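Enquirer: Quick one: structure below, then a few questions.
The values are calculated or read from the model by the stated rules, or taken from the named source; none is laboratory data. From a predicted model like this one, the values you see are computed outputs, not experimental measurements. Here the Cβ positions follow ideal geometry from the backbone for every residue, glycine too, while neighbour counts run over all protein chains shown. To get the accessible areas, we keep the full protein, side chains included, count just its heavy atoms, and leave off ligands, DNA and RNA. Shrake-Rupley method; radii C 1.70, N 1.55, O 1.52, S 1.80 Å.
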Amino acid sequence: KGDFGEAWLRVVAAGHRLLHGRPTTLDLERADVEVVYRGELNGTQNPCVKVQVKTAQRLDRDDDGALLYDLDVQTYDALRARNQGVARALVVIELDDEKEWVAYPVDGTLLRGRGAWLSLEGHQETVNTTTVRVRIPAENSLDGDGLMKLLAGTGYRRSTPVAATDEWRDS
């Protein structure tokens, strides 16, 4: 399922003329696909987001239709960090276990399922030891508009964190 979810994201990105590829670290930093907008967006040239993709079946939803996903703590901690050089996000793709994941109607190829994304940057530390339930809003859809929203909201240039210093004490 994991490969299918990653391929799904790359197909959607390619379909909307976004660059996409595998980060060079082969998921050592909890990133499966890198998505880049070629050009300027919100004052940043070539905004980029590294995405961790999770693929699941039969996810719970809340009353607002948001996907609820139990994310492993190591991935949660990696994605919530505020000091990443490149923005990070989680994409969850839900597949229907009753249907084929790919259909071939006369007019093209159809990927069946539902995808959504979430930036966890700045989320609180957890006391959990195995998983953390995250809520992925339905409006963060995995389509062209949703990917542009992701890039515009998280793929922008950031300042480098600077350690607090006391000029009087440190001199």
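Enquirer: Could you give the distance between the Cα centres of segment 1-22 and segment 119-147, to the whole Å?
Expert: Segment 1-22 and segment 119-147 have Cα centres spaced 19 Å from each other.
Enquirer: Additional query: If amide H atoms are built 1.01 Å from N in the plane of the peptide, which residues on other chains or at least 5 residues away come under 5 Å of the amide H of V33?
Expert: V51, V53
Enquirer: Whole-Hz Karplus ³J(HN,Hα) for segment 109-121, in order, using 6.51 cos²θ - 1.76 cosθ + 1.60 and θ = phi - 60°, x for Gly and Pro?
Expert: My calculation for segment 109-121 gives 10, 10, 8, 9, x, 8, x, 8, 10, 8, 8, 9, 3 Hz in order.
Enquirer: Given axes a ≥ b ≥ c from the Cα gyration tensor, I'd like to know whether segment 1-64 is rounded (a/c under 1.5), prolate (a/b larger than b/c) or oblate. Kindly include the intermediate steps, with their values, before the conclusion.
Expert: Details: a/c = 1.94, a/b = 1.45, b/c = 1.34.
Prolate is the answer for segment 1-64, as a/c is 1.5 or above and a/b outweighs b/c.
Enquirer: With +1 on the Cβ of every Lys and Arg and -1 on the Cβ of every Asp and Glu, and nothing else charged, how large is the dipole of the chain about its Cα centre, in debye rounded to the nearest 20? Spell out each step's value before the answer.
Expert: Details: 22 positive and 28 negative charges, 87 e Å.
Taking the Cα centre of the chain as origin, the dipole is about 420 debye.
Enquirer: Can you show me the helix-derived [θ] at 222 nm for the chain, built from DSSP H runs with n ≥ 4 at -39,500 (n - 2.57) apiece and divided by the number of residues, rounded to the nearest 500. Present the calculation step by step, with values, prior to reporting the outcome.
Expert: Details: 4 runs with 37 residues, N = 171.
-6000 deg cm²/dmol, from helical runs alone.
Enquirer: Say the dipole of segment 1-130 comes from +1 at the beta carbon of Lys and Arg and -1 at that of Asp and Glu; which of G43, L120, A87 then lies farthest toward its positive end?
Expert: Of the candidates, G43 comes out farthest on the positive side.
Enquirer: Still on this structure: Using a 1.4 angstrom probe, figure out how much accessible area the chain has per residue, in square angstrom, rounded to the nearest whole. If you can, show how the numbers build up before the last one.
Expert: Numbers: 10270 Å² over 171 residues.
Heavy-atom accessible area per residue stands at 60 Å².
Enquirer: Karplus couplings for segment 33-41 from phi (6.51 cos²θ - 1.76 cosθ + 1.60, θ = phi - 60°), rounded to Hz, Gly and Pro as x?
Expert: Each residue of segment 33-41 in turn: 9, 9, 10, 10, 8, 7, x, 9, 9 Hz.
Enquirer: Just to confirm the filter: which trypsin sites (Lys or Arg not before Pro) across segment 54-139 are DSSP coil and have at most 16 other Cβ within 10 angstrom of their Cβ? Before the final figure, lay out each step's value.
Expert: On the way: sites: K54, R58, R61, R80, R82, R88, K99, R112, R114, R133, R135; in loops: R58, R82, K99, R112.
Qualifying residues, ordered by number: R58, R82, K99, R112.
Enquirer: First compute the accessible area of the chain with a 1.4 Å probe, then give the percent of it belonging to carbon and sulfur atoms.
Expert: Values: 4770 of 10270 Å².
Roughly 46 percent, rounded to a whole number.
Enquirer: Once both axes come from the Cα atoms, what is the angle between helix 144-154 and the longest principal axis of the chain, in degrees from 0 to 90, rounded to 10?
Expert: It works out to around 10 degrees.
Enquirer: Rounding to the nearest 10 and keeping the result within 0 to 90°, find how far the Cα-based axis of helix 2-15 lies from the longest principal axis of the chain.
Expert: 90 degrees
Enquirer: DSSP beta bridges in the chain, what fraction antiparallel, as a percent rounded to 5? Mind dumping the intermediate values first?
Expert: Working: 25 of 34 bridges.
Percent antiparallel among DSSP bridges in the chain is about 75.
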